[in-house]
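Asker: Before I ask anything, let me first share the structure, which is written out below as structure tokens.
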Amino acid sequence: MPAGAEVDVVVIGGGATGAGVLRDLAMRGLSATLVERGDFASGTSGRYHGLLHSGARYVESDPISARHCIEENAVLRRIAPGTIEPTGGYFVATPDDPDDYLDRFPAACAKAGIETEPVPLDELFRAEPLLSREIRAAYRVPDAALEPWELVDGTLNSAREHGATAHRYRAVIGFERDADGSVAAVMTRDTRTGEEETIACRAVVSAAGAWAGQIAELAGARLTMSPGKGSMLIFNRRFSTAVINRLAPPGDGDILVPVHTVCILGTTDITGEDPDDAVVTEEEISALLADGERLVPGISGARVLRAYAGSRPLYDADEVSGAASHDESREISRAHHVIDHGARDGVGGLWSIVGGKLTTYRLMARDVTDAVAAALGNDAPCRTADEPLPEPAGHSPYWLGDRLAAIEAEGGGDADLVCECELVTRQRLADALDRRADSSLDDLRRTTRLGMGPCQGAFCMPRAAAMLDARRADGRLHPAAPDANVALRSFAAERLRGTRPIAWGDQLTELFLTAGIFRGTLGTDALPEHTGGDDAAS
Amino acid sequence: MPRADVVVIGAGLSGLACAAELAGSGASVFLAAKGMASTHWTHGGLDVAAPDGASTSRDGIARLAGSAGHPYARMSDHVADAVAAHRARLDGTAVAMVGDLDMPLAPIPTALGALRPAAILPMGQGAAVGPWEGQGLLLLGIGHFRDSWVDYAARNLTAGAWPGGPAEIRAVTADLPGLDARNNLNARTLAVLFDDPAWRARALAAMAAVVPPGAWRIGVPAVLGLEAHAEIHAHAQEVLGGAVFEMPSLPPSVPGVRLFDELRRRITAAGGRIQVGFDVVEVERDGRRVRAIHTEAASRTLRLAADTFVLATGGIAGEGIRAHRGRRLEERVFGLPVTAPNDSEWFSDDPMQPHPIESLGIDVDDHLRPIDPTGQPVLENVRVIGSSLAGMRYLEQRCGDGVAITSAHVVARSLAARSAAA
Ligand SMILES: Cc1cc2nc3c(=O)[nH]c(=O)nc-3n(C[C@H](O)[C@H](O)[C@H](O)COP(=O)(O)OP(=O)(O)OC[C@H]3O[C@@H](n4cnc5c(N)ncnc54)[C@H](O)[C@@H]3O)c2cc1C
Ligand SMILES: Cc1cc2nc3c(=O)[nH]c(=O)nc-3n(C[C@H](O)[C@H](O)[C@H](O)COP(=O)(O)OP(=O)(O)OC[C@H]3O[C@@H](n4cnc5c(N)ncnc54)[C@H](O)[C@@H]3O)c2cc1C
């Protein structure tokens, strides 16, 4: 170990993959620390479609990926049941979907090890009455809804139990390299305080997803990513109880996932350059709704709460395999790939893990950890598939009805609700802040669903800001945490970003009402930049 | 089948004011509205005009009248009369207004601890206006009421600049009898509790117990009763030992509900009829005239015929105008042309700042008749009032209430003159 090393491995990126790598390293007895530039799961892992894939979507286009998905689907149900709502799923053929695909589908699934079962149409329509009556065939598959924030949270908690540490709001800004070119330390900066810190290490795993190319470049290595932007729409209620997929080669707007109280229609796929480009365009929205109509007639007239986009961590296939070229990002393999930059670019001690799915995060982590552990002389076996995750991922899945039941069990009434749409109580927020005293309102949203319902925060934002402020005044908020006014403004901006692209109908009315409450009644246009008090604004 | 001289569509400030004035002048009026309106969402004050830089409301009106396309550009001469008529209507009631067009626009504290400019306020909020002259501001919160944030507000008021403001700002919270986190407390449920004299006496005593010694003006949540507000307000000042003002917070707005109730009483007392709860579903036309509208009523449709129809449906927030995908805008009752800033981005990035789209609405002529892009009236016997009108950004210019009552007054006067002549 080089002198001054602080940890064996630094993991870059706090999405599902990075969290999985941290856990795997720690469980094998390696010392490890993770740095994430934003909140945990604020990258693609927090902006995805919400589907625990059965793999059936990829049986033809990407059989390796399909096999990975079905295997990991079973593993996650075992180790993280609390993050999964076992909705089941259907593949349905509309009149627009090709016959030959329909004919080949069952055999292709069987070959990949995915159990499918034809479903009689009358049974399908009884279970899913809002589906288009033009649907002409259906298969049942083991899809499910997967909650990303609790999965990442639970994975990180497991890693911590095994001695690892994880830091959010810390961005990687560079590397120190030895004379032979291998990485010796990772340079980081706290994105809120600007404080810089260098972490010496023996190895680095870049799990920066769509940003992995940027990280490689900082280290002097080469990795061309081909981020595919995907946009999705959230509706204010569920239109199906199970996941609905189009029985066709992957296309736009072809999957509907019921998630908690809402459902998500997606996705588009646009090859881009900049993974931070999360703008959802009007064209994308039209395309999604037009395709959604084929599954659920009338869906384009339903209330859309938000639009959002994520960036697929796809790598340039030429780059890793020298394989055939591609023109559509959907045709790039979604299977993951471990890249040893020592062997390839002369930057020893750096590995990138790219591609894959959220569903396969554990497998991706295992593969890269195998490589790193071997290089560091560690031969402990991977145990991440055997040991269940601790809370919160271990309990039963979130269901709004459970929150209601818990509130009623305490004696009825309305408890002390901060967010009426998602039944978030004051106690729940307090617990979340106890666990992470440096949270912004948007961070609280990811752990509690604050502000994610129909009103998109109009009522709960000022209430929650007042809670943050009370904690700051009591000295119970982390010094790096944004003060209440900063948190309020940035949360409102974040909520607005998701409503703007779909600001029509009821949601535009909601936006006007929110503006009226905020600027008209509460005067937020004249709110001081920072809230005052004993340790007023620095 | 009901028939009236005038059918007013919409029960917001503009529709209510117009119907009250018409009914008061002897016209037969039927007011039909889909639902409760922005009275139930807003602060209940009378924002006449407070654009950036205005010293008084009158100055604000002049500034806004100078910008082409603003509703005040064609009505500024009538604002003073409209305000006087509105005040006269409310005088002697619990929602009587204080302040006037020539008073300096004063910064008053909001429930979040920001300052907003105001001049004309309901009596119960009047003490929020300076001059403070050495007095302190005490923010008195109510325990377990999730929409009262006095500590946060006090810290914000301390952090921000408040020229000529209070000598001292403090926050205290009182726990009121029988309230705990289990109650479903919104402003309205609290106001109903305050209406009960026995509970109120104990509540005010609990509030008095937390008032520190000193000369204070006391800001309390806007929950001091619905029916008995005037009495409760007087009682509170006496028990708490200082001028008391209400601070509106999240909806439902108790000051707005009081205003709605009072105006509704006015209309029915003068013989007007009101029906709230049903959408207009059909319009009968005769060329450029509207003969009747149909509303959905309990299990049947109701045909309302009239000489004149006043559209007071309140734009996007009131749901009189609906935006469809692809920026297609629809005025929902008559299908009138809607004007919007179509060439620019509709929204700003900053949720705390104005969005260009807020100026959308219906273009009208000097009689407030809806016009097409060539300036010709689309329907001759329809008038448009309130925030359905194009060309203002009421939140930024703080002119929504002034435009509502002025347009209501202009229309009511001309229609009353006409039915008197007939
Ligand atoms: C539209 C869309 C829909 C999808 N739907 C599904 C689905 O339904 N099911 C499924 O299984 N998969 C789905 N996927 C794929 C899945 O979401 C991703 O494969 C997975 O989330 C990637 O996780 P990750 O941890 O590798 O990347 P990320 O979650 O993006 O994590 C990378 C992290 O690195 C951080 N980072 C970047 N730069 C730096 C830096 N300089 N310093 C520190 N940190 C940095 C980022 O902030 C980010 O948090 C979807 C993807 C998209 C785009
Ligand atoms: C939350 C909020 C805060 C505000 N704050 C301020 C402020 O601080 N300062 C300011 O100057 N202005 C403010 N305003 C604006 C101001 O309140 C309004 O401009 C003013 O009250 C006038 O409203 P209105 O009468 O035109 O319409 P509204 O009050 O919106 O009423 C519209 C009415 O029309 C009815 N209606 C709509 N469509 C139909 C239909 N098809 N059939 C039948 N009935 C229908 C509705 O049910 C409702 O009764 C605010 C508005 C809102 C919503």
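The values are calculated or read from the model by the stated rules, or taken from the named source; none is laboratory data. Everything quoted here is computed from the prediction, not taken from an experiment. No Cβ is skipped: glycine too gets one built from the backbone with ideal geometry, and neighbour counts run over all protein chains shown. Calculation scope for accessible area: heavy atoms of the full protein, side chains included, ligands and nucleic acids excluded. Shrake-Rupley method; radii C 1.70, N 1.55, O 1.52, S 1.80 Å.
Asker: Could you tell me which GluC sites (Glu not before Pro) in the stretch B:209-276 are loop residues by DSSP with no more than 10 other beta carbons within 10 angstrom of their beta carbon?
Answerer: Sites meeting the loop and neighbour criteria: none at all.
Asker: Given chain A, what percent of its DSSP beta bridges are antiparallel, to the nearest 5?
Answerer: 75
Asker: While we're on this one: Treating each Cα of the stretch B:8-57 as an identical point scatterer and ignoring solvent, apply the Debye formula and state log10 I(q)/I(0) at q = 0.14, 0.27, 0.33 Å⁻¹.
Answerer: At q = 0.14, 0.27, 0.33 Å⁻¹ the computed log10 ratios are -0.49, -0.98, -1.17.
Asker: Still on this structure, I have one more. With a 4.7 Å Cβ cut-off, tell me which Cys residues in chain A come up empty for a partner.
Answerer: A:69, A:109, A:201, A:263, A:382, A:421, A:455
Asker: Run the accessible area of chain B with a 1.4 Å probe and give the carbon-and-sulfur part as a rounded percent.
Answerer: Carbon and sulfur: 50 percent of the exposed surface of chain B.
Asker: Further question: Under a 5 Å amide H to amide H cut-off, with H placed in plane at 1.01 Å, what residues pair with residue A:438 once short-range neighbours are removed?
Answerer: A:478
Asker: Return one whole number: the accessible area per residue of the protein assembly as shown in Å², for a 1.4 Å probe.
Answerer: It amounts to 36 Å² per residue over the protein assembly as shown.
Asker: Then there's this: Checking the cross-link filter: which lysines have an alpha carbon closer than 18 Å to that of residue A:357, excluding same-chain neighbours under 8 positions apart?
Answerer: A:229
Asker: Sort the stretch A:1-104 into rounded, prolate or oblate with this rule: let a ≥ b ≥ c be the square roots of the eigenvalues of the Cα gyration tensor; rounded if a/c is under 1.5, and if a/c is not under 1.5, prolate when a/b is larger than b/c, oblate otherwise.
Answerer: Prolate is the answer for the stretch A:1-104, as a/c is 1.5 or above and a/b outweighs b/c.
Asker: Per residue, what volume in Å³ does the Cα convex hull of chain B take up?
Answerer: Dividing the Cα hull volume of chain B by its residue count gives 157 Å³.
Asker: Once R0 is set to 41 Å, what does the formula 1/(1 + (r/R0)^6) return for the Cβ-Cβ distance between residue B:342 and residue B:198, expressed as a FRET efficiency to the nearest 0.05?
Answerer: Once the sixth-power term is evaluated, E becomes 0.10.
Asker: Scaled to the compact-protein estimate 2.2 N^0.38 Å, what is the alpha-carbon radius of gyration of the protein assembly as shown, rounded to two decimal places?
Answerer: 1.04
Asker: May I ask you to list the aspartates and glutamates whose Cα is less than 13 Å away from that of residue B:34, ignoring any residue fewer than eight positions away on the same chain?
Answerer: B:279, B:296, B:319
Asker: Mind jotting down the three principal axis lengths of the stretch B:61-131 based on Cα atoms? Whole angstrom, largest first.
Answerer: Extents along the principal axes, in whole Å: 34, 31, 20.
Asker: Tell me what chain A gives for mean residue ellipticity at 222 nm when only DSSP H runs of n ≥ 4 count, each as -39,500 (n - 2.57), the sum divided by the residue total, rounded to 500 deg cm²/dmol.
Answerer: Computed ellipticity for chain A at 222 nm equals -10000 deg cm²/dmol.
Asker: Averaged over peptide B:351-359, how many Cβ atoms belonging to another chain are found within 10 Å of each residue's Cβ?
Answerer: Other-chain Cβ atoms within 10 Å of each residue's Cβ, averaged: 6.
Asker: Oh, and also: Mean 1/r over all different Cα pairs, inverted: what Kirkwood radius does the stretch A:428-515 give, in Å?
Answerer: Here the Kirkwood hydrodynamic radius works out to 13.3 Å.
Asker: For chain B, what is the mean residue ellipticity at 222 nm derived from helices alone (per DSSP H run of n ≥ 4: -39500 (n - 2.57); sum divided by total residues; nearest 500 deg cm²/dmol)?
Answerer: So the calculated ellipticity at 222 nm is -9000 deg cm²/dmol.
Asker: Where the eigenvalues come from the Cα gyration tensor of the stretch B:339-422, what are the semi-axes √(5λ) of the equivalent ellipsoid, largest first, in whole Å?
Answerer: 29, 16, 6
Asker: Of the peptides A:16-29, B:59-72, B:390-403, how do they stack up when ordered by the mean number of other Cβ atoms within 10 Å, highest first?
Answerer: Ranking, from highest mean packing down: A:16-29, B:390-403, B:59-72.
Asker: Please compute the net charge surrounding residue B:322, taking Lys and Arg as +1 and Asp and Glu as -1 over other residues with Cβ under 14 Å from its Cβ.
Answerer: Cβ neighbours under 14 Å give a net charge of 0.
Asker: Separate question: Quick one: if the Förster radius is 22 Å, what FRET efficiency do residue B:189 and residue B:298 give, using the C-beta to C-beta distance and rounding to 0.05?
Answerer: 0.20
Asker: Percentage of Cα-Cα pair distances in the stretch B:112-249 greater than 20 Å, rounded to whole percent?
Answerer: Percent of Cα pairs beyond 20 Å in the stretch B:112-249: 41.
Asker: Separate question: Out of B:304, B:259, B:31, any idea which swings most in a Gaussian network model of chain B, alpha carbons joined below 10 Å?
Answerer: In this elastic network of chain B, the residue with the biggest mean-square fluctuation among B:304, B:259, B:31 is B:304.
Asker: Quick one: give the max-minus-min coordinate of the C-alpha atoms of the stretch B:268-421 along each principal axis, largest first, in Å.
Answerer: Principal extents (largest minus smallest coordinate, Cα): 48, 35, 35 Å.
Asker: So what's the convex hull volume per residue for the Cα atoms of the stretch B:372-415, in Å³?
Answerer: Dividing the Cα hull volume of the stretch B:372-415 by its residue count gives 74 Å³.
Asker: So how much slack lies between residue A:343 and residue A:196, counting 0.36 nm per residue of separation and subtracting their Cα-Cα distance, in nm?
Answerer: 49.9 nm
Asker: Another one. Given points 7 Å out from each Cα along the Cα-Cβ axis, report the residue A:214 to residue A:241 separation in nanometres with one decimal.
Answerer: 4.4
Asker: Hey, another quick one. For peptide B:140-147, how many partner chain Cβ atoms fall within 10 Å of a residue's Cβ, on average?
Answerer: 2
Asker: Compare the Cα positions of A:15, B:139, A:218 along the charge dipole of the protein assembly as shown (+1 at Cβ of Lys, Arg; -1 at Cβ of Asp, Glu; about the Cα centre) and return the one farthest towards the positive end.
Answerer: B:139
Asker: Tell me: how much accessible area in total is hidden between B and A, 1.4 Å probe, Å², nearest 100?
Answerer: Roughly 4700 Å².
Asker: Over the Cα atoms of chain A, Rg to Rh with Kirkwood Rh, two decimal places?
Answerer: 0.96
Asker: What is the mean number of Cβ atoms from other protein chains located within 10 Å of the Cβ atom of each residue in peptide B:318-328, rounded to a whole number?
Answerer: Across the residues of B:318-328, the mean count of other-chain Cβ atoms within 10 Å is 4.
Asker: Any aspartates and glutamates with Cα under 12 Å of the residue A:111 Cα? List them, leaving off those in the same chain fewer than 8 positions away.
Answerer: Straight-distance partners of residue A:111: A:60.
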